[in-house]
Every structure is written in structure tokens, then in C-alpha cells.
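Comments concern the structure below.
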Amino acid sequence: MVNTNRRVMIQRTAATVGALSVAPQLLAQSAPVRLGYSMSRTGPWTGGAQTSQEPNYLLWAEQQNAAGGLDVKGVRRRIELISSDDRSDVETVVRTYQKLMGSDKVDLVLPPWGSNANFATAPLANRFGYPFLAPTALSRRLIEMKLPYFFSLLQQPKPMCDAVVDMLKANGVKTVACIYVDDLFGLENYAALKVALQGTGIQLVEDKSYPGGVKDLSPTLRSIKDKNPDAFVGFTYPPDTILASRQAKEIGFNPKFFYASVGTAFPLYKNVITAAGAEGVLGMGSWNSKTSAGAKAYFDAHVASQKKEPDRWASGACWAGLEILTSAVKAQGLDRKAIRDYVAGTTHKTILGDIRFEGSENVGTPGSVGQWQNGEFEVVWPAKIATARLNPNKPAWK
Amino acid sequence: MSFSSWIELIASGLITGGIYALVALGLNLQYGLMRILNIAHGEFLMVGAFITWMVQTSFGLSPLWMIPVSFALLMAIGVAVHWLCFRRLTATSPNLDVFEARGLMVAFGLMFLVQNAISWIWGGDLRGYDFLTQPVAIPLPGGQAQFAVNKLLVFALALLFAGGLIALLRMTLLGKGVRALMQSPVGAQLVGIDTRRLHPLMFGIGLGLSGVAGCLLSMAYTISPSMGEPYTVTALIVITLGGFGSMGGALAGGLLLGVIEALGMHFTNPSLKALLSYVVFIGVLLLRPEGLFARKTRKA
């Protein structure tokens with residue numbers, strides 16, 4: 001009897017010790033993966049952030065959780081998104097990420113919206129050792145900072161402007177006029193355009209900067225119209241993209257090539273300018289649902305889940321970044337250094353095609369140009385990723 | 001530059017200035033009459049713009065129908081806001097300076113409240129719709145000027161509302177009471193003008209005008225919950241130019257600012273627009289602080 005009791009007691013003690021040693025790992029495995037980010041839900045960045053970025057984060061978490069959770073080295077763990085509104089304020093963005101990485105110690109972070117916010121937070125993420133796959137950072141200076149944990153998915157000013165100038169040159173353009181918003185995005189793109197134009201024989205007949213939030217561009221557009229350029233290039237943000245288009249229509253300025261930047265690829269552009277009015281307008285765009293089967297599946301899932309279409313530029317880059325992060329976590333778990341090395345050293349299969357990084361820059365996706373044709377924003381340049389042929393004569397505004 | 005180009009440039013400045021004037025009129029009414037520096041004025045303008053957008057895109061109703069609706073709705077909100085906030089402040093503030101400072105704080109609170117309420121209801125996305133954007137050509141000696149129909153409409157309606165308000169203040173007994181209140185609040189009360197009714201009514205009309213401005217702006221520009229603040233700043237510049245409490249001055253100040261900006265942007269750079277506006281603003285404050293168009297003896 002005594003022997004039996006002692007045996008049972010030893011067995012139970014062994015079982016308890018065994019359970020205690022394994023339990024924390026089991027608990028950790030079933031705990032959610034905590035991903036933190038700040039996002040513009042109020043303030044001037046909201047339009048871009050709520051079109052190109054946050055809907056994709058939400059869709060991704062929804063899809064992963066529906067599949068049982070994020071695959072962390074073979075173990076499915078639910079995603080818990082920890083997010084807050086940054087009020088389109090850089091200081092709030094920085095403080096939020098400091099808290100997420102410094103005191104909350106979330107498992108991973110997702111980047112904020114826009115070049116300015118990424119410029120402020122990427123060095124911070126690098127210091128804390130958090131991989132930062134930024135879908136909406138367009139800045140050469142950020143790339144030149146050589147931050148090992150920072151990866152920019154969007155094509156940078158040089159390849160984007162090279163693509164525009166290649167297209168203009170191939171279509172016999174002799175003169176171009178340019179307006180640009182006077183911030184990091186506009187200044188860097190304008191500088192890249194000037195470099196790209198060198199030696200092409202295309203003359204820059206007018207170049208003017210404007211402040212963000214401008215309410216009237218017609219005086220500038222009228223002076224550009226007087227110079228009758230073959231092409232107009234605007235490095236603009238969504239409200240200014242629409243303002244420039246509306247006012248170009250208003251004053252009858254209709255060059256053969258009308259190119260605007262952020263917002264041209266937004267569904268909003270078509271809704272506000274109308275499909276007929278948008279016909280032939282060029283802009284920054286790199287994909288649509290015809291780009292790949294994955295892109296079609298993503299497009300349909302976005303519409304079903306978020307009740308709105310994704311834009312045809314940065315949304316694709318954002319989704320591609322989430323695809324890369326999913327693969328990295330599947331292969332490396334939540335070891336952030338290992339994730340960083342995986343992202344840096346792998347050619348990734350995404351909805352945009354193959355993506356690989358040289359330093360922080362995505363060199364897999366070429367610079368591209370999109371164009372509104374029959375209610376769809378088609379990729380028209382370069383030919384190897386085009387979804388439709390370029391219309392080299394923009395029809396009159398309708 | 002040809003004669004027609006000059007006319008076109010000045011006319012485009014006048015159109016923008018007409019919008020500035022309309023935005024400034026409501027704020028001027030509130031500040032000139034009651035010393036309520038309603039920093040949330042642009043936010044109420046944004047409410048008018050969002051309601052118009054919602055009705056236009058949901059029901060396909062012409063935004064023109066929304067002009068009286070926006071006015072009435074925002075006027076009702078204005079009367080309610082006055083009753084809830086500023087009536088109490090009037091009763092508890094020991095003097096006008098304290099009332100002005102407290103009113104400014106309340107207006108700041110309203111600004112955040114309204115902006116976040118709209119973000120919560122409709123989200124922060126940019127919105128817009130297409131309404132009368134086709135251009136119309138106006139023949140001129142030596143060429144022609146071309147403007148979008150919606151801009152001309154907005155300009156005409158802005159002038160109509162500004163003229164209507166000036167006529168109301170100059171030609172009616174109500175207007176006489178309001179002008180008396182602007183000149184001397186104590187004197188007006190002594191001769192029997194009921195400030196308890198007149199104040200909420202005028203605050204409501206001020207907000208109603210901001211609703212109309214929002215409705216008109218939504219026809220020509222994209223809208224977002226953060227659109228209001230720059231208009232408040234512009235309105236402050238305009239009423240400083242025109243003279244606090246002077247409706248004619250606000251109209252003239254708005255038009256002048258629009259033309260100065262258009263000419264400045266054409267001959268220099270759009271990035272210098274803010275600089276131009278503030279140079280004019282500071283210049284007026286230094287050289288003629290009562291405003292360019294205000295007469296010291298008689299206003300409105």
C-alpha cells in the first residue's frame with residue numbers, strides 16, 4: 001500500500017514538473033501574435049492612409065485569423081492588431097512606435113503611412129531591431145540612410161521618373177511642364193525628373209512648386225497652358241491631383257500627356273472626375289487585377305471585406321509587403337533578426353511579381369506608369385508589366 | 001500677357017475670393033457681434049460639405065437643393081450650440097475680455113468634437129462628386145476666358161448670400177438692432193433690443209452661412225474631415241482685412257485676398273501663397289488695424 005502510494009506520488013510529481021516545464025511554451029504558442037502600428041485616421045494624411053494602407057492590414061489580419069492564425073514556424077497563432085490614430089502628426093507617430101517597441105514590446109510592427117512618418121520612425125525601428133516593410137515611403141534619402149531593418153516596397157523616385165521620361169521620349173515629346181508639392185516627396189521626385197530629362201532633348205518649359213493643401217492651382221496652370229507643353233507632370237497628393245485635373249479641365253489645358261501622382265490610382269479619382277473624364281490621365285500606378293492571379297484574388301478579397309476597391313499603386317505594394325512578412329514569419333518564427341535576414345536575402349514571390357531588396361530598396365519592381373482607360377487604371381509602361389497599351393493622345397476632358 | 005489673360009487671372013482670383021468672403025461672413029457675424037472667435041467655424045463648414053456630399057451620392061439629389069437644407073440645419077445646430085455653451089458663458093463671465101477668452105477655449109473644444117464626430121460617422125477618406133465641372137467660355141476683347149460652371153455658380157451664390165446679409169443688416173429693423181448691438185452692446189440693451197434672442201439667432205445665421213459655404217465648396221473641391229481648419233485661418237485674415245464686424249469689408253477683403261493670391265501665384269510661385277497672405281495680414285494689422293474697409297463711425 002505504502003509502495004503503491006509512493007509510486008503514485010512520484011508519478012504525479014513527475015507529471016506536474018513536466019507540465020510546468022512545457023506549459024509556458026504551450027501558452028506562448030497559443031498566445032496571439034501582437035502587431036502594433038499607428039495610422040492616420042484623422043488629419044490630412046487620412047485619405048492616403050485609409051486607401052492604401054490600413055484596409056490592407058485589416059484584410060490581412062482577417063484572412064490569417066480565418067485560416068486559424070498566422071503561421072509561426074508551423075504553429076498557427078491568432079493576430080492581434082494594436083493600433084491607434086496618429087492624427088497625421090509625425091510626433092505622435094514617433095511616440096506611438098516608441099511605446100509599441102520600447103514598453104509594450106509587441107512581437108512585430110507594421111509601418112505608418114507616408115514618406116514623412118516613415119522618415120521619422122524607420123531609424124527608431126532600426127534601433128529597436130524591428131523589421132520595417134514600408135509600403136508608402138518614397139524617399140531616396142531614406143534608402144541612403146542604409147538602415148538594415150528598413151525595407152521600402154514602393155518604387156523610388158528615380159525608377160518612377162525614369163519610366164515617365166522613357167515613355168515621353170519614346171512618344172516624341174519635346175516639351176514638359178512640372179508642378180510639385182514642396183515637401184520631401186515632391187522635391188525628391190522633381191529632382192529625379194530633372195536628372196532623368198538630362199540628355200533626352202526634352203525641354204522643361206515650366207517648373208513650379210506649391211504648398212500642400214493648396215486651394216487654387218489655376219493661375220499656375222494658366223501660365224503653363226500659355227507655354228503649350230506636350231506633357232504635364234505633377235508630383236501631387238490626392239486632393240491636389242484632383243484639383244489640378246479639375247482646373248486643367250476648367251481652363252481647357254489638355255496636353256497629350258497629363259501625368260499626376262498620388263491619388264491618380266485611387267478609385268476616388270474615377271468617382272470624382274468620372275470614368276469618361278479620367279480617360280487618358282496618367283499617373284503613378286504599378287498593378288491592377290490583371291497583373292497576376294494573386295492580384296485578382298487580392299482585389300476581390302479587398303472589395304468583399306473592406307467594401308471598397310484598393311488603389312492601383314501603393315495598395316499592391318502594401319499587400320506584397322504583408323505577403324513577404326507572412327512568408328518570413330512562417331520560415332523564421334518571430335525572431336526579428338532572422339526575419340530581417342530572410343527579407344533581405346530572399347527573392348519574394350508576390351502579387352506584384354518578384355521582389356528583392358538591394359539595401360533598403362525594392363529593385364525587383366520596375367518603375368511604371370499607369371493610365372485610366374475605360375474606367376480601369378491600366379499599367380501602360382514599361383511593356384513587360386503592362387496590362388494595356390498606352391494611349392499616347394489624351395482625349396479632351398469630359 | 002494679353003488683356004484677356006489679365007482678365008482671366010483676375011476673374012479666377014475673384015472667384016476664389018468670393019468663396020473666402022462667404023466663409024468669412026459667418027465668422028465675422030459671430031465675432032463682430034458677439035466677440036465669439038469661433039475657431040470651429042471651418043468644422044461646421046465641413047459638416048455642410050459632408051451632408052451635401054452624402055445626399056448627392058446616396059440619393060442623387062442636386063447639391064443646389066442642399067443649400068437651404070444646409071443653412072437651416074446648421075442654423076439649428078448654431079442656436080443649440082449657443083444655448084448649450086455660449087449663453088452660459090455670457091452669464092458667468094465677469095467682462096467681455098474673459099468671455100472672449102473662454103469662448104475661444106469652447107470653440108477649440110467644438111473644433112475637435114465636430115471633426116472627430118464626422119470622422120467617426122464617415123471615416124477620414126477624401127470624398128467628392130462631379131457637378132457642373134464642364135467649362136464655359138466667356139468672350140473677351142482679344143481672346144476668351146474659360147471657367148468651370150460650378151465655380152461661376154459658387155461665385156454668384158457667394159455674392160448673393162453676402163449681398164443678402166448686407167441688405168438684411170442695412171435695410172431691416174432686425175439689421176438695425178444687430179448693428180446697434182455691434183456698435184454698443186450696453187446701449188442696445190438700454191434701448192430695448194433683446195440680446196437674449198438676437199445673440200443665438202445671429203450665431204445660428206453665422207453657422208448657417210458656414211453650412212452654405214460648405215455646401216458650395218463641396219461642388220468644386222474634394223472634402224475631408226480635416227478640410228475646415230485652413231478655411232478658418234483664411235476667414236480670420238479676411239475679417240482682419242475688412243474690419244471686424246463689417247460685412248461689406250469682409251466681402252471686399254475676401255475678393256481682394258483672392259486677387260492678391262492669384263496674381264502672386266502667377267508671377268511668383270504658388271509656394272509663396274501663404275507668405276503673400278500673411279504679408280498682407282501683418283501689413284494691415286500694422287498700418288490700419290481697424291481694417292481696410294471699416295469706417296470707425298459706422299459698420300456693416
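The values are calculated or read from the model by the stated rules, or taken from the named source; none is laboratory data. This is a predicted model, so every value here is computed, not measured. As a convention, Cβ positions derive from the backbone with ideal geometry for all residues, glycine included, and neighbour counts pool all protein chains shown.
A few notes on this one:
- B:Arg298, sole failed condition from (1) modelled with pLDDT under 90; (2) touching a Leu at 6+ places or on another chain (Cβ under 7 Å); (3) more than 14 Å from every other protein chain (Cβ to nearest Cβ): (2)
- Enumeration of residues in the range A:345-356 that are touching a residue at least 12 places away in the same chain (Cβ under 8 Å) and in contact with a Gly (Cβ under 6 Å, 6 or more places away or on another chain): A:Ile351, A:Leu352, A:Ile355
- Residue check, A:Arg12 touching a Gly at 6+ places or on another chain (Cβ under 8 Å), modelled with pLDDT of 70 or more and of a type in the set (Lys, Arg): no
- Candidates B:Val233, B:Val212, B:Val191, filtered to the one that is surrounded by fewer than 19 Cβ atoms within 10 Å (Cβ to Cβ), under 13 Å from the mean Cα position of the chain (by Cα) and under 28 Å from B:Leu89 (Cβ atoms): B:Val233
- Taking strands (runs of 3 or more DSSP E) as the structural unit, those lying wholly within the range A:137-232 and holding at least 2 residues that are closer than 30 Å to B:Glu8 by Cα and of a type in the set (Ser, Thr, Tyr) correspond to A:175-181, A:203-210.
- Among residues of the range B:86-106, those that are touching a residue at least 40 places away in the same chain (Cβ under 8 Å) and either out of contact with any Cys (no Cβ under 9 Å at 6 or more places or on another chain) or within 14 Å of chain A (Cβ to nearest Cβ) (or both), counted: 7
- Given (1) within 21 Å of the chain's Cα centre (by Cα); (2) of a type outside the set (Ser, Thr, Tyr); (3) under 27 Å from A:Ala31 (Cα atoms), index of the condition A:Arg78 fails: (1)
- For the range A:271-292, filtered to residues that are of a type in the set (S, T, N, Q) and touching a residue at least 24 places away in the same chain (Cβ under 8 Å), the residue that is nearest to the other protein chains (Cβ to nearest Cβ) is A:Thr274.
- The set of residues in the range B:63-80 being aliphatic (A, V, I, L, M) and under 18 Å from B:Gly42 (Cβ atoms) consists of B:Leu73, B:Leu74, B:Met75, B:Ile77.
- Evaluated against (1) more than 19 Å from A:Leu154 (Cα to Cα); (2) crowded, with 18+ Cβ neighbours inside 10 Å; (3) in contact with a Gly (Cβ under 9 Å, 6 or more places away or on another chain); (4) among the aliphatic types (A, V, I, L, M), A:Ala275 falls short on exactly one condition, (2).
- When we screen B:Ala72, B:Ala107, B:Ala91, B:Ala117 for residues that are of a type in the set (Gly, Ala, Ser) and crowded, with 16+ Cβ neighbours inside 10 Å, the only hit is B:Ala107.
- For the range A:357-372, the set of residues classified as outside any strand (DSSP E or B), in contact (Cβ under 8 Å) with a residue 24 or more places away in the chain and in contact with a strand residue (DSSP E or B) (Cβ under 7 Å, 6 or more places away or on another chain) consists of A:Ser360, A:Thr365, A:Ser368, listed by residue number.
Rundown of residues vs (1) in contact with a His (Cβ under 7 Å, 6 or more places away or on another chain); (2) in contact (Cβ under 8 Å) with a residue 40 or more places away in the chain; (3) more than 29 Å from B:Ile223 (Cβ to Cβ), yes/no style:
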{"site": "A:Tyr269", "(1), (2), (3)": "no, yes, no"}
{"site": "A:Phe299", "(1), (2), (3)": "no, no, no"}
{"site": "A:Gln306", "(1), (2), (3)": "no, yes, no"}
{"site": "A:Gly333", "(1), (2), (3)": "no, yes, yes"}
{"site": "A:Val343", "(1), (2), (3)": "no, yes, yes"}
{"site": "A:Asn374", "(1), (2), (3)": "no, yes, no"}
{"site": "A:Val379", "(1), (2), (3)": "no, yes, yes"}
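- Note on the range A:97-117: residues that are crowded, with 24+ Cβ neighbours inside 10 Å and not small (Gly, Ala, Ser) total 7.
- For the range B:1-107, the helices (runs of 4 or more DSSP H) that sit wholly inside it and include 1 or more residues that are among the hydroxyl-bearing types (Ser, Thr, Tyr) and under 28 Å from B:Ile260 (Cβ atoms) are B:3-34.
- Selection count where residues are of a type in the set (A, V, I, L, M), over 14 Å from A:Glu378 (Cα atoms) and under 18 Å from the mean Cα position of the chain (by Cα), scope the range A:252-273: 3
- Some residue of the range A:243-254 being within 20 Å of B:Glu229 (Cβ to Cβ) and within 12 Å of chain B (Cβ to nearest Cβ): yes
- Selection from the range B:132-157 of residues that are within 14 Å of chain A (Cβ to nearest Cβ) and assigned to a helix (DSSP H, G or I): B:Val149, B:Asn150, B:Lys151, B:Leu152, B:Leu153, B:Val154, B:Phe155
- Across the range B:232-269, the qualifying residues are those that are of a type outside the set (A, V, I, L, M, F, W, C) and part of a loop (DSSP other than H, G, I, E, B), and the one among them that is farthest from the other protein chains (Cβ to nearest Cβ) is B:Gly245.
- Residues within the range A:27-53 that are at the interface with chain B (Cβ under 10 Å from one of its Cβ atoms) and part of a helix (DSSP H, G or I), tallied: 6
- Check on B:Gly258, buried (at least 20 other Cβ atoms within 10 Å of the Cβ), touching a Phe, Trp or Tyr at 6+ places or on another chain (Cβ under 9 Å) and touching a residue at least 60 places away in the same chain (Cβ under 8 Å): yes
- All positions within the range B:110-129 that are within 14 Å of B:Thr52 (Cβ to Cβ) and at the interface with another protein chain (Cβ under 9 Å from one of its Cβ atoms): B:Arg127, B:Gly128, B:Tyr129
- Hits in the range A:294-316 (condition: under 21 Å from A:Asp354 (Cβ atoms), in a loop (DSSP other than H, G, I, E, B) and not aromatic (Phe, Trp, Tyr)): A:Pro310, A:Arg312
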